Amino acid sequence: MSVVPGEPVSGPEAGARFFCTAGRGLEPFLMREVRARLAATQVEYISGKVFFTTCSDLNMLKELKSAERLFLLIKKQFPLTVSSVSKGKIFNEMQRLINEDPGSWLNAISIWKNLLELDAKKEKLSQRDNNQLKRKVGENEIIVAKKLKIEQMQKIEENRDCQLEKQIEEETLEQRDFTTRRENFQEEEFQNDTEKATDTHNQNDLTFRVSCRCSGTVGKAFTAQEVGKVIGIALMKHFGWKADLRNPKLEIFIHLNDIYSVVGIPVFRVPLASRAYIKTAGLRSTIAWAMASLADIKAGAFVLDPMCGLGTILLEAAKEWPDVYYVGADVSDSQLLGTWDNLKAAGLEDKIELLKVSVIELPLPSESVDIIISDIPFGKKFKLGEDIKRILQEMERVLHVGGTIVLLLSEDHHRRLTDYKESSIPFNSKDSHTDEPGIKKCLIPQEKTSASKTVSTSFKASNHEFLDKMSPFGSLVPVECYKVSLGKTDAFICKYKKSHSSGL
């Protein structure tokens, strides 16, 4: 088994090598995000994963919005060969993931430990700065109060000045003593956190567990439990680590399929896609953020979601682009109540206005909105049929010339807005997105490239040829289109621009 040619070695000087998992079709959004937000280099993709190198710390890595989970990369290699090979030989191949290059494991563990230590130190310094600021503010307040009291008492009783000043000084000393005791307690707490983070220095004391995902021919031949057991035994033998399935210090993630073998360390226990500020989940947060990012939101814009549901798109947009006027509309009382609960949980009550109105009767002047972003409902409960055209007509009416519409459409709705027949999927398998500077596809074996073509159909339609064939609806001209996965179903994120006045 050989390492993929050109795979960079992680190191503190060059930055660390990471990868994120992403929903199918969201890879181009994530690639753009890591470059813009993290100044990432060596950006590559494999189906469902984006690899990159960055010097960013944990606080910056936490800000990724289009990723599901974040991992520190240990290894990325060609896939295991399963056909006509005995299980014993395959198990030996799996063990070679550890035995063949133990240095990559130790290097990754060192980087992981340094990330945790740096994060703990920054948090400690931040808390100490806050404590010092609070102490200075408290001391200033005490001094001001003391002066005011002295001046007041001087006017009333000159003879009691000395006694009063002594009393105030005692109060000040007590306050300082309390502040000092509180700071000492907080420093002890942060010291404990730092010790937990740095406790991995002794490799023999490191506890771990292995999480496996197997698919393709590997998944048919082996269970995740079998692979985890083989890898776990190899790690214990080679490094002397101890297995702990309940509360390990380190988790090892392994994904084996017909295209690649990837090994990494989860950087955060909680997935990046699990937003702490969303109380009730609606549309997947990564999809909502991707839609908002496609809309090119600028400060001062008027952004409308006329079918807002639980408000996920508006929440994601307002968190990322706060200096904007947001309006969410829906006809359902229960949906609007859920949206309001989400707004309160996220602290965005004053950022987003809610209206109970129909999407086909918006109480807004024509050409008054800058941007419209919306998830057009679909599924068994929603049978919009021809209503999709009425919905677009009303959106088109309120959107000003040059404005943007970003919609999430079902495959059926998408077909209704194109000239293509139902059996035709308007996407070309050409990897047009790889022309972007600084972004490239990960190297995979030549014989495996056909398995990766499903990735390219998720990406931007090949581009001018497809967009030219799409018939614009009224004044709305298609700009970009992405096929994405919603789990059990697929959908399309479509971006339109209003080219001229609709005259409606």
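Okay, here's what the table says:
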| item | result |
| --- | --- |
| Per-peptide average of other Cβ atoms within 10 Å, ordering 68-81, 21-34, 341-354 highest first | 21-34, 68-81, 341-354 |
| Near-label residues of region 46-60 by backbone N, under 18 Å of a point 7 Å along Cα→Cβ of Ala276 | 57-60 |
| Measure of compaction for region 259-313 (Cα Rg per 2.2 N^0.38 Å) | 1.53 |
| Pair Asp244, Ala36: separation of 7 Å Cα→Cβ label points (nm) | 4.1 nm |
| Relative packing of peptides 240-246, 286-292 - highest average C-beta neighbours within 10 Å first | 286-292, 240-246 |
| For region 262-354, diffusion coefficient by Stokes-Einstein and Kirkwood Rh (Cα), 25 °C, 0.890 mPa s, µm²/s | 179 µm²/s |
| Karplus 3J(HN,Hα) series, Hz, for region 393-404 with 6.51 cos²θ - 1.76 cosθ + 1.60 (x for Gly, Pro) | 4, 5, 4, 4, 4, 7, 7, 7, 4, x, x, 10 |
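Computed from the coordinates by the stated procedures, all read-outs in this text should not be read as laboratory data. Here the structure is a predicted model, which means the values were calculated and not measured. Note: ideal-geometry Cβ built from the backbone for every residue, glycine included; neighbour counts use all protein chains shown.
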